[in-house]
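For reference, the structure is listed below as structure tokens.
No lab work stands behind these numbers, since they all come straight from the coordinates. Computed from a predicted model, the values in this text were never measured in an experiment. Counting neighbours? That spans all protein chains shown, and the Cβs are built from the backbone with ideal geometry, glycine included.
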Amino acid sequence: MQPVALTIAGSDPSGGAGLQADLKTFHQFGVYGEAAVTLITVQNTRTVARVEVLPPDLVREQIEAILADIPPDAAKIGALGNKQIIEEIAAVAVRVTFPLVLDPVMISKHGSRLLSSDAEQTLIDKLLPHAFLITPNIPEAEALTGIHITGTKEMHEAAQRLLGLGCRNALIKGGHASGPADDLFVSHDGFLRLPGARIETPHTHGTGCTYSAAIAACLAQGLDLQAAARQAKSFIHSAIQTAPGLGHGHGPVNHFAELN
Ligand code: PXL
């Protein structure tokens, strides 16, 4: 049976982040990819020049069309733009049975908002309770929980707070901390540290998108969540390590990276 994964995300025409990164990652994992677009960015590796959020009903209709015909085995949700789009997706999320990986994208590497600030509470109230897994980086975990993260202890506290808000599992990524890029995976059954040596490189554009897409791809293949998180962590590590060095700014990671 061909595994299928869906991404609900923004478009990055430079191909490093957003739905383009997700589709390449699904493909690399041998998973058939589907994509519903939430917003369109104008960007390259140097800058994000414009962000246009699509009409909420158009986003909803794309998803409904897919669900009625080729329902996925797992889905990931990336940049959402605004409150109305979150509400449309939440209305669908209440009735789906496949796992949802929620990457709570807020701000691009270049500082452009990919989620309006007044939408954060809607994301917490309406979408987060339907997430099988949420994958914030440290600034996103801080915004969602109000906890200022300075070390492992606060990472644990923030992860517990996220579970308290209703998602089943949380993966807080340590890439924005100093020292090793260790991630923390927490579920109601316990926690798991995903160690990662820090790689000094400017080419990390799309890291978060690629990581959560890799987890969704592994879930679509039927892996359990811990195995999915481990495999995705290993993939994103090699993808950063072997980044092709494209562009003149923050270049993309290597979506052809080896799977272990
Ligand atoms: O990496 C976050 C992200 C998600 N989605 C889109 C983006 C970015 C970062 O630039 O452009 C469309």
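Computed quantities for the displayed model
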| item | result |
| --- | --- |
| Neighbours by Cβ (under 9 Å, 6+ apart or cross-chain): first from segment 185-212, free of Cβ contacts under 8 Å to residues at least 24 places away in the same chain; second aromatic (Phe, Trp, Tyr) and in a loop (DSSP other than H, G, I, E, B) | none |
| Test: Thr122 is surrounded by fewer than 16 Cβ atoms within 10 Å (Cβ to Cβ) and among the polar types (S, T, N, Q) | no |
| Enumerated strands (runs of 3 or more DSSP E) restricted to segment 147-260, each holding at least 2 residues that are surrounded by 20 or more Cβ atoms within 10 Å (Cβ to Cβ) | 169-172, 183-187 |
| From the options Pro55, Pro71, Pro3, residue that is buried (at least 18 other Cβ atoms within 10 Å of the Cβ) and either of a type outside the set (Ser, Thr, Tyr) or touching a Phe, Trp or Tyr at 6+ places or on another chain (Cβ under 9 Å) (or both) | Pro3 |
| Test: residue in segment 136-146 that is closer than 20 Å to Leu6 by Cα and either crowded, with 19+ Cβ neighbours inside 10 Å or without any contact (Cβ under 8 Å) to a residue 24 or more places away in the chain (or both) | yes |
| Residue ID - farthest from the ligand (Cβ to nearest atom), chosen from residues in segment 98-119 that are surrounded by 18 or more Cβ atoms within 10 Å (Cβ to Cβ) and hydrophobic (A, V, I, L, M, F, W, C) | Leu100 |
| Residue list for segment 135-146, filter: assigned to a helix (DSSP H, G or I) and under 19 Å from Lys76 (Cβ atoms) | Glu140, Ala141, Leu144 |
